[in-house]
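Written out below as structure tokens is the structure these notes cover.
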Amino acid sequence: MLNSLSLSADTRSMKPRFLLLCAFFSSAAVSLFGADKSETEEKFIDDLLPILLEIDAQQSAEHTQQTTPHAQASASTKNAPANKTTAPATKPLTHIGGITVPNQKYAQEMIQKYIRSYTDTEYAKKSLVQTLDNGELYRLYIRQELKKRNMPAALEYLPVVESEYKPLATSRSGARGLWQFMENSIEPFMKKNEWIDERLDPWKSTDAALSKLQDNYKMFGDWPIAIAAYNCGAGAMSRILAKAPQKTFWYIAEKGLLRDQSVQYVPKFLAISELSVNGANYGIQLPEITKSTRFAEFDYVTVKQSITIERLASELRLDHTTLRMLNCALVHECTPPDAEYNIRLPVGMGRGAAIALGTMTQPTKTRPTASAKTTTVIPEKTTTTLISHTVIKGETLYFLSRLYGCSVDEICAANDMQKNDVLSIGKTLYIPVKKAET
């Protein structure tokens, strides 16, 4: 039986394990029928073993011939260690927007990590597009100022990390504006008082931020360190570098000498800058800034008394929202009562605004002429000033408007509130009061 089995074509297609199973049952059958077990088993195994080896060799050869190169590659990938992934080689990023990046593993991996975070999903791509779109009104001005100061072009995208180009953004720590200045870090670059907060002015805060970055660069002589110092503070950076054997951002970041927020800050900014300039290389199309200089060049008019944005917009026939947006440092939507203030206007409106300010009049009283029977209405020039008022029990906006001779709308505009807001006892309100010029 075994000889015929070794010559059978059907047998060659059998699996060796199946034949071993046959051998087991055959051996069991021999035992049941009482034959000489040891002699039978020995002869059976001796005859079967060469056949199993021959079948196994033939099946292995046939399998190798039938395996395609693609299948071999798939098998190789499948059997590769789980912690190794194959990824297309990326060209090292050594210069991004005027900032040098070392061709070192740590620096390159950190930047590529953030490039992937903005390009791996459609949601991430749309988020970056929306953020850059938010900056449409301010990016041209920033770009022009960077060029004037001979600073790296990449810095145009630092507000993406800071505020997502939102000029009124406020962080949990109290930093405000497009460039996220803390109140204790605005001097000598900007002013903040009861009436104005220049952190909220995108153009003034841009000037301040670029000046601060320039100061950092003069101090450290390295742009990545200067940018990180903008985040953590120049004093903290100086103390860190004093202890570091290598005075580079990438060294102190990799060695854990810098707090994690600042470690992530620089590569994230560089990745955004790379994507913004070379988005097509990463399958993402980002918005270009407008060529219009409407929000990059302005006229100014000096105001010497308190005047509301609403009233000035009305006199200039200018949209209130536009004038408010151009002067959002005025926290009460009116100029300070005790200091001069330069109102920002669209280009071409400066002269008209100066004329309007000079002719803001209101007919308030009649004066007798030589004839007692006739009177002439004489327009009297007035100025508007703000006074503070502490709310007491029972007072309403309507009551205060009658008390001070102004409208409810003017009180609301001066205090950034709505007509239906409830007045809290002890709250300080600013009331616009018109006074005749003498």
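The values are calculated or read from the model by the stated rules, or taken from the named source; none is laboratory data. Quantities reported herein were computed from a predicted structural model and do not represent experimental measurements. Don't worry about glycine lacking a Cβ; one is built from the backbone with ideal geometry, like all the others, and counts go over all protein chains shown. Side chains are part of the model used for accessible areas, which takes the heavy atoms of the whole protein and leaves out ligands, DNA and RNA. Shrake-Rupley method; radii C 1.70, N 1.55, O 1.52, S 1.80 Å.
Some values worked out for this structure:
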item	result
Residue that is on the phi > 0 side of the Ramachandran plot and without any contact (Cβ under 8 Å) to a residue 24 or more places away in the chain, where the choices are GLY279, GLY256, GLY348	GLY256
ARG172 vs. criteria more than 20 Å from ARG149 (Cβ to Cβ), outside any helix (DSSP H, G or I) and not hydroxyl-bearing (Ser, Thr, Tyr)	yes
LEU158 vs. criteria closer than 21 Å to VAL263 by Cβ, surrounded by 13 or more Cβ atoms within 10 Å (Cβ to Cβ) and either touching a residue at least 40 places away in the same chain (Cβ under 8 Å) or of a type outside the set (D, E, K, R) (or both)	yes
Residue within region 343-365 that is more than 18 Å from ARG311 (Cα to Cα), of a type outside the set (A, V, I, L, M, F, W, C) and at pLDDT below 85 present	yes
Matching residues in region 263-285 - criterion: being aliphatic (A, V, I, L, M) and buried (at least 19 other Cβ atoms within 10 Å of the Cβ)	VAL263, VAL266, LEU270, ALA271, ILE272, LEU275, ILE284
Identity of the residue in region 108-150, aliphatic (A, V, I, L, M) and open to solvent by 20 Å² or more (accessible area, probe 1.4 Å), that ends up nearest to GLY177 (Cα to Cα)	LEU137
Tally of residues being polar (S, T, N, Q) and either surrounded by 14 or more Cβ atoms within 10 Å (Cβ to Cβ) or touching a strand residue (DSSP E or B) at 6+ places or on another chain (Cβ under 6 Å) (or both) across region 168-207	5
Selection count where residues are in a helix (DSSP H, G or I), open to solvent by 30 Å² or more (accessible area, probe 1.4 Å) and in contact (Cβ under 8 Å) with a residue 40 or more places away in the chain, scope region 93-107	1
